[in-house]
């Protein structure tokens with residue numbers, strides 16, 4: 001059968017053209033771009049780590065998220081409630097919601113006193129003397145709420161704005177929206193103190209965002225990143241191996257088209273190569289003065305303080321290198337995280353001993369170096385604790401009203417926002433949802449949370465879903 005003489009083949013695509021001119025300038029251009037990995041990608045490429053312009057001038061350029069695992073007790077740390085002491089041991093005189101374990105005891109007073117601190121006179125517990133020294137930089141939100149009273153779902157909600165796994169973490173959203181100013185380290189880093197939250201690594205996942213934006217977990221110890229040590233005998237051997245991998249991966253992309261998993265793998269090969277030099281230098285804290293190491297508690301007799309102090313110091317070093325979002329998880333202290341269903345006094349004292357000095361040092365160090373002004377520090381757990389005892393000396397989960405705090409990065413210091421009732425049970429003034437916290441964090445970074453969207457599953461998705469408002473009252477004018 002003869003073909004129509006008027007048939008004309010489709011013009012070659014750019015991919016075909018480059019494939020057919022592989023010995024010419026096409027391959028040269030591709031090789032040059034491949035050397036730059038994700039950092040050399042187009043600014044409109046969703047997988048790029050190239051710095052991007054925010055929607056409006058930011059007050060903060062990076063975030064340190066101090067994740068307090070298990071649910072710290074606000075009425076024992078940040079939200080004094082004299083009524084608890086007055087009615088200690090009595091049945092609570094208000095309607096009680098079902099708790100996680102449905103074990104509701106009598107009113108339990110705080111074992112610790114509160115004192116006013118700083119020029120602002122902010123009342124803080126004797127549990128946190130080092131954080132208290134930074135009172136004038138703290139904005140304590142006393143009216144936070146969550147939709148979940150179980151750790152795993154509440155952790156997903158805190159980290160991703162959704163109670164089920166599979167959504168991108170807020171660190172991934174920050175990396176996706178702004179890229180990173182650091183070419184040799186990931187844009188979103190998790191400094192693991194020893195405890196991964198209930199919910200697992202999905203708390204730091206990229207979800208439906210490109211895989212280049214997932215959280216990179218740095219473990220404690222001498223080898224923070226697995227498989228980063230070079231196995232090749234020489235630099236040239238490693239370079240040849242990487243070149244071969246680039247060529248093989250590029251051939252697959254040319255044949256199969258763009259695929260996030262493959263392109264992210266290519267980017268990660270290149271980033272890992274640069275991290276082989278950057279990570280050892282980052283984690284070599286011997287370059288810090290002895291006074292700085294003492295400030296962070298690195299010589300403490302209490303090992304959890306050493307672990308958390310080291311991570312707080314590394315967090316400061318990371319923001320100095322331009323990393324966008326750093327999250328710290330808690331060290332183990334021999335109790336069940338901050339989740340004191342029993343043994344409240346011992347458990348919270350151990351946990352505070354681990355984190356108080358390092359956090360106080362971090363805030364002071366950032367401020368002394370002029371870094372706190374544009375670094376947002378966030379201290380938050382997934383929910384709070386009840387004012388009633390569980391058993392005789394514990395507190396159950398409470399998502400109805402709890403405290404978080406923010407410092408630096410455009411936030412007004414030396415203030416409280418919102419309030420709980422006289423027991424510290426329910427938020428009753430300026431009640432905030434987790435979406436509001438996320439919207440405010442993004443706003444401080446210069447991002448309109450309603451505009452940071454990705455089309456997925458037939459709709460535009462965002463960190464705040466269809467909710468959230470910016471809490472302008474806590475933002476510095």
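Taken together, the values in this text are just the output of simple stated rules run on the coordinates, not laboratory data. Values in this document were obtained by computation on a predicted structure and should not be read as measured data. We place every Cβ from the backbone using ideal geometry, glycine too, and count neighbours over all the protein chains shown.
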So, relative contact order of region 352-445 in percent, Cα under 8 Å, 6 or more apart, is 22
Burial-style ranking of 162-170, 279-287, average other-beta-carbon count within 10 Å with highest first, yields 162-170, 279-287
Cβ density ranking, 10 Å radius, fewest first, applied to 405, 112 yields 112, 405
The extension gain from residue 368 to residue 53, computed as 0.36 nm times the residue separation minus the Cα-Cα distance, is 110.6 nm
At q = 0.15, 0.28 Å⁻¹, the log10 of I(q)/I(0) for region 411-477 from a Debye sum over equal Cα scatterers comes to -0.58, -1.21
Here the residues of region 150-185 lying in the modelled label zone of residue 450, meaning backbone nitrogen under 19 Å from a point 7 Å along Cα-to-Cβ, are none
Taking 331-338, 176-183 and ranking on average Cβ neighbours within 10 Å, highest first, one gets 176-183, 331-338
Of the convex hull enclosing the alpha-carbon atoms of region 327-374, the direction-averaged projected area in nm² is 4.0
So, with points 7 Å from each Cα along the Cβ direction, the residue 196-residue 431 label distance in nm works out to 3.6
From fewest to most C-beta neighbours within 10 Å, the residues 308, 67 line up as 67, 308
For the residue 133, residue 276 Cβ pair and Förster radius 45 Å, calculated FRET efficiency rounded to 0.05 is 0.70
For residue 336 and residue 291, extending 7 Å from Cα along the Cα-Cβ vector and measuring point to point gives, in nm, a value of 4.5
Rounded to two decimals, the Debye log10 I(q)/I(0) of region 324-477 (Cα scatterers, no solvent) at q = 0.08, 0.16, 0.18 Å⁻¹ is -0.29, -1.10, -1.26
With label points set 7 Å from each Cα along the Cα-to-Cβ direction at residue 253 and residue 346, the distance between them in nm comes to 5.6
Here the gain from full extension of residue 459 to residue 302, 0.36 nm per residue of separation minus their alpha-carbon distance, amounts to 51.5 nm
By Cβ neighbour count within 10 Å, fewest first, 191, 83 rank 83, 191
Relative contact order of region 72-224 (C-alpha contacts under 8 Å, at least 6 apart) in percent is 17
For 192-199, 356-363, ranked highest to lowest by mean beta-carbon neighbours within 10 Å, the order is 356-363, 192-199
